[in-house]
Amino acid sequence: MANALFDAGREGFLAGDIAWDTDDIRCCLVRGYTFSSSHTVLSDVTGASGVVVQSSSAFSSKTTTGGVADAADVLFSAVPAGSAITSVIIYKEGAGDSTRKLIAYIDTGTGLPITPTGADITVAWSNGANKIFKL
């Protein structure tokens, strides 16, 4: 699979339900999940045998120049040792997994997959033209 946007994320941007620059946007480290564009919320990921290893705090320094989403790199502290983390999922924060709207799935990038050892893991977003993703 290659990096992709969830249909719910695309719809959220078009309907005005997701505002990259002002909403609480986060990501999580995931293992055991197979991407489905029809999944809409984080509970769809966990219901499809995905395991959320750790979630981030709110993204900082977000920008939207030219339709390109970018933010500061994300630090995950002391990620518990275990099986390989195969993807990063970006979502709009909500009250619980059933309200956390899925935005993007990333499984192709430098350092993925990564096997956590208990140390910190930094997700360093691309500095290329499309940064995290481009609409």
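The values are calculated or read from the model by the stated rules, or taken from the named source; none is laboratory data. The model shown is predicted, which means the values in this text are computed figures rather than measured ones. Ideal geometry is used to build each Cβ from the backbone, glycine not excepted, and the neighbour counts take in all protein chains shown. In case anyone asks, the SASA skips ligands and DNA or RNA and just uses the protein heavy atoms, side chains included. Shrake-Rupley method; radii C 1.70, N 1.55, O 1.52, S 1.80 Å.
Quick notes on this structure:
- If the condition is being under 21 Å from THR117 (Cβ atoms) and either open to solvent by less than 40 Å² (accessible area, probe 1.4 Å) or touching a Gly at 6+ places or on another chain (Cβ under 9 Å) (or both), then region 55-66 contributes only SER56.
- Residue, farthest from ALA19 (Cα to Cα), within region 80-102, restricted to residues that are in contact with a Lys or Arg (Cβ under 7 Å, 6 or more places away or on another chain) and surrounded by 22 or more Cβ atoms within 10 Å (Cβ to Cβ): ILE85
- Filter pass, ALA69 being open to solvent by less than 30 Å² (accessible area, probe 1.4 Å), touching a strand residue (DSSP E or B) at 6+ places or on another chain (Cβ under 7 Å) and touching a residue at least 24 places away in the same chain (Cβ under 8 Å): yes
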